[in-house]
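First up is the structure itself, then whatever we jot down about it.
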Amino acid sequence: MSDWGWVAFAYLVVYGSLGGYVASLVFRIRRARAEADRG
Amino acid sequence: MTKRTLEFAAAGLLLTALVVGLTVPPDAVQGDFQRIMYAHVPSAWLAYLAFGITMIGSIAYLVTSKLRWDRLAGASAEVGVVFTGLALATGMIWGKPVWGVWWTWDARLVLTAAMFFVYLAYLALRRGIDGLERRAKRSALFGIVAALQIPIVHFSVVWWRGLHQPPTILRPDDPQIDGPLLFALLMGVFAFTVVYAALVRRRMDLALIEDSLVEASRAGEDVAGAAVTAPSVGAKPR
């Protein structure tokens, strides 16, 4: 793999993981709110 | 600052850090591989900060008994585990082309991995304890003891001779890094810190809802239990 390939791989892992964590937080909050609303 | 403002600021700074990290001149020795450090070092810094905040939240809970501090400790630990995982992953991705191996049993690497697993255990402990107060108290004790690792991880590169380089910026003499590269590094640190703050605020929102669900569930159990076990007022004793 080229130098830039390694760099792209690293940034993909970082930004992809952060994006995934944000998405998981959004879904978990939505689900918890729905559960709380159901009482 | 509202949550939305903080989140927009975090997204903007993250994008800026990405552009700066990919456009600054390459390092004289490492070339473009150095760019991975603009994500690796901020992730490692955030691990320290997040677990330090977990310790502060834990101490504050034990002093005040307010669950808000426990929620801060738990939220910060979860976000800290994400950043510690990123520090380990980016370190491995950098290590393969530069050191020739994905992993080596260097003190800094081993201690960082140990810290990662200790805080995974902390999160597992939080999920495994019934009762908000009991959970808060036990995880606070865990959170304080676990934070003893932070200085050990940081100074491991000074105390033990290994492959990992010693501190570049946080060192007694002048920082050993050129201006534009230092700017890219500090930009990453600042952006990741704002992202951390935005994530912890959202995670605390979630923790508040989860705690209210636990309390509602416990209250429901108490009422159901009372209906089954308590004799009704008008019942005749047998």
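From B:T16, B:T5, B:T54, which residue is touching a residue at least 12 places away in the same chain (Cβ under 8 Å), of a type in the set (S, T, N, Q) and more than 27 Å from B:D178 (Cβ to Cβ)?
On the way: B:T16 fails: more than 27 Å from B:D178 (Cβ to Cβ); B:T5 fails: touching a residue at least 12 places away in the same chain (Cβ under 8 Å).
When all the criteria are applied, what remains is B:T54.
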Q) B:S139 fails exactly one of the following numbered conditions: (1) among the polar types (S, T, N, Q); (2) touching a Phe, Trp or Tyr at 6+ places or on another chain (Cβ under 6 Å); (3) away from chain A (no Cβ under 14 Å). What is the number of that condition? A) (2)
(Q) Quick test for you: out of B:V101, B:V153, pick the one residue that is crowded, with 16+ Cβ neighbours inside 10 Å and either in contact (Cβ under 8 Å) with a residue 24 or more places away in the chain or farther than 23 Å from B:Y196 by Cβ (or both). (A) B:V153
Q) Inside region A:21-39, can you point out the residues that are small (G, A, S) and either facing another protein chain (nearest Cβ under 9 Å) or not in a helix (DSSP H, G or I) (or both)? A) A:A32, A:A36, A:G39
Q: Can you give me the ranges of the helices (runs of 4 or more DSSP H) entirely in region B:88-159 with at least 3 residues that are small (G, A, S)?
A: B:107-128, B:132-146
Q. Quick one: is B:G57 surrounded by 17 or more Cβ atoms within 10 Å (Cβ to Cβ), away from chain A (no Cβ under 14 Å) and over 19 Å from B:S156 (Cα atoms)?
A. yes
Q.
Going through B:V81, B:V29, B:V63 one at a time, which residue ends up being farther than 29 Å from B:G179 by Cα and free of Cβ contacts under 8 Å to residues at least 12 places away in the same chain?
A. B:V63
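Quick note: the coordinates plus some simple rules give every number you see, no bench work behind them. Since the structure is predicted, the reported quantities are computational estimates derived from the model, not experimental observations. Note that we place each Cβ from the backbone using ideal geometry, even for glycine, and neighbour counts take in every protein chain shown.
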